[in-house]
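Quick notes on the structure that follows.
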Amino acid sequence: MSPRKDVVEAYFEGFRRSDHEQILACLTDDVAWDLPGHAHLTGKDAFDQEIENEEFVGSPTLTVDRLIEEADAVVAIGNGETTHKSGALRRFGFCDVFTFAGDKIRRVESYLVPLR
């Protein structure tokens, strides 16, 4: 596996364990996170606040099916599930595009699709 794919795997493992330090270590200080239809965040502090969204409880289950690397980008395609604070299980498919600056993630574009 390439060094950038290793960083993306570490990023996802951090989310699986709600490990803020591990996730933030993968990011540049000026990281941008685009969640179309939800939010645009800039900087590690804003990113940190969204790691554990108050609408959900516990850590998500995340399965990465494919990682595709081209130039300074890695694309992760997979699915996951998380528990809403109401107790309802929410399943989703995702496609995350990670753009790198050196060996750190500079931008994340997260596309999420609810699954039944």
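The values are calculated or read from the model by the stated rules, or taken from the named source; none is laboratory data. These numbers were taken from a predicted model, which means no experiment stands behind them. FYI the Cβ positions are ideal-geometry reconstructions off the backbone, even for glycines, and counts take in every protein chain you see.
A few notes on this one:
- Residue within the stretch 25-37 that is out of contact with any helix residue (DSSP H, G or I) (no Cβ under 9 Å at 6 or more places or on another chain), in contact (Cβ under 8 Å) with a residue 60 or more places away in the chain, loosely packed, with under 13 Cβ neighbours inside 10 Å and farther than 14 Å from residue 99 by Cβ present: yes
- Near pairs, Cβ below 6 angstrom, 6+ apart or cross-chain, from the stretch 66-84 (touching a residue at least 24 places away in the same chain (Cβ under 8 Å) and surrounded by 14 or more Cβ atoms within 10 Å (Cβ to Cβ)) to any residue that is β-branched (Val, Ile, Thr) and not in a strand (DSSP E or B): 74/8; 76/8
- Hey, residue 100 more than 12 Å from the chain's Cα centre (by Cα), assigned to a strand (DSSP E or B), at pLDDT 95 or above and not basic (Lys, Arg) or not: yes
- Boolean, residue 57 is buried (at least 16 other Cβ atoms within 10 Å of the Cβ) and aliphatic (A, V, I, L, M): no
- For the stretch 53-64, the set of residues classified as within 14 Å of the chain's Cα centre (by Cα), assigned to a strand (DSSP E or B) and either farther than 20 Å from residue 41 by Cβ or free of Cβ contacts under 8 Å to residues at least 24 places away in the same chain (or both) consists of 61, 63, 64, listed by residue number.
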